[in-house]
1. For the pair Arg157 and Glu9, what calculated FRET efficiency results from E = 1/(1 + (r/R0)^6), where r is the Cβ-Cβ distance and R0 = 41 Å, to the nearest 0.05?
2. Based on the Cβ-Cβ distance of Asn130 and Leu88, what FRET efficiency does E = 1/(1 + (r/R0)^6) give at R0 = 35 Å, to the nearest 0.05?
3. How far apart, in nm, are the 7 Å Cα→Cβ label points at Trp70 and Leu51?
Amino acid sequence: MQGGQLPPETEKAWMAGIFEGEGGARIYRTKARKELSYWPAVQAISNTDPLLIKRVTAFLDQLGLRGSYWLRKNSNGRDKPGRGHHSLCFEVRIGSTKSIPIFLNAILPYLTGSKKTQAELILAFIELRNSRPKRYRNQWTGKLGDECFAADEALYRQQQFRPKAALLQN
């Protein structure tokens, strides 16, 4: 841990607010070696203000975490001609199954609505993934493999198909 101390509660609440407005958590499904794989990822912040990104980075440092940093040329992530009116966009991502729970648990008490639901779903997914024997975390073979795949698929679909009306009730 670089700072030697955890961020104060006010910083956690601030980060939760930034995450609510500018961030998100997802389970991504990819196809590798003819099998589906599921990976959680947190896009902690996507913003055009480099000072805000610097403060997010300092928050991650206090938690002892590293993120990956991206610079995009416009709002949709593509460098298309004729789109010069978009500002540079900075993005911080956390993709490690060890780092994501640390980050989300730090801000979870301050999250509300759909972002809290997203965070809880990602945490459940990581807990389920880590509870398995290592060889079944990313590949599915045999009876246990089928059960793991079904559980991953259920959480993935739960994330994908949230009706807007259900989100508004939270």
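No value in this document is a laboratory result; all are computed from the given coordinates. All values reported here derive from a predicted model rather than from experimental measurement. Neighbour counts run over all protein chains shown; Cβ positions are idealised from the backbone, glycine included.
1. So the FRET efficiency works out to roughly 0.70.
2. 0.45
3. 2.6
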